[in-house]
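Scroll down for the structure; my scribbles are underneath it.
FYI, it's all coordinate maths here, none of it is from the lab. Values in this document were obtained by computation on a predicted structure and should not be read as measured data. Because the Cβ atoms are built from the backbone with ideal geometry, glycine has one as well, and the counts that use them run over all protein chains shown.
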Amino acid sequence: MSNLSNSERLAAIADLKVVYWDLYKEVHNVRPRGRGIMESSDPSDLEYIQAEIDRLLVESERVVAEDRCREAESVVRFEAHVAMLIKMGASDRESALRWIHDADNTNGDADYLSFVWGLPYRYFACNKAA
């Protein structure tokens, strides 16, 4: 990247800022604010911005792994709850799911129920009817 002209470096910085902006949002669930990378227009910052993007990519992998772990724990907790409701008197899984929808005010919306319980998105479409 050191053989780029000043204008090419500024264009590359602009492109990297867009990548950084989106990746930061993906990792932190908010856009970056304040001074810093987004305010930079110094051509010498190109390598710094790329290093920050690389750092965010590593952090993104960690966040995705944590989310998968959290979702797996939620599946176990949810399925145990369904089994408990069946033992308590729900005639079958469908009845237990209706009870859960009613208790959680999800109005039969399977995707919303997935969100409320921290289940993977489209859990019921991929696994079982809700």
Note on the chain: helices (DSSP H) long enough, at least 30 Å by alpha carbon along their axis, and hydrophobic enough, mean Kyte-Doolittle at least -0.5, are 6-28, 46-88
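What number, rounded to the nearest 500 deg cm²/dmol, is the helix-based mean residue ellipticity at 222 nm of the chain, given -39500 (n - 2.57) per DSSP H run of at least four residues and division by all its residues?
-23500 deg cm²/dmol
For the residues Tyr20, Tyr121, Tyr112, what sequence is obtained by ranking on other C-beta atoms within 10 Å, fewest first?
Details: Tyr20 20, Tyr121 10, Tyr112 15.
With the sparsest Cβ surroundings first, the list reads Tyr121, Tyr112, Tyr20.
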Glu59/Val18 FRET efficiency (R0 22 Å; Cβ-Cβ; nearest 0.05)
0.75
Label model pair Ser95, Arg122: point-to-point distance (7 angstrom along the Cα→beta-carbon line) in nm is 3.2
Ile86 paired with Asn6, simple spin-label distance in nm, labels 7 Å along Cα-to-beta-carbon:
7.2
Need the C-alpha centroid separation for segment 15-37 versus segment 54-120, integer Å.
30
Please report the relative contact order for the chain, taking Cα pairs under 8 Å with a sequence separation of at least 6, and give it as a percent rounded to a whole number.
17
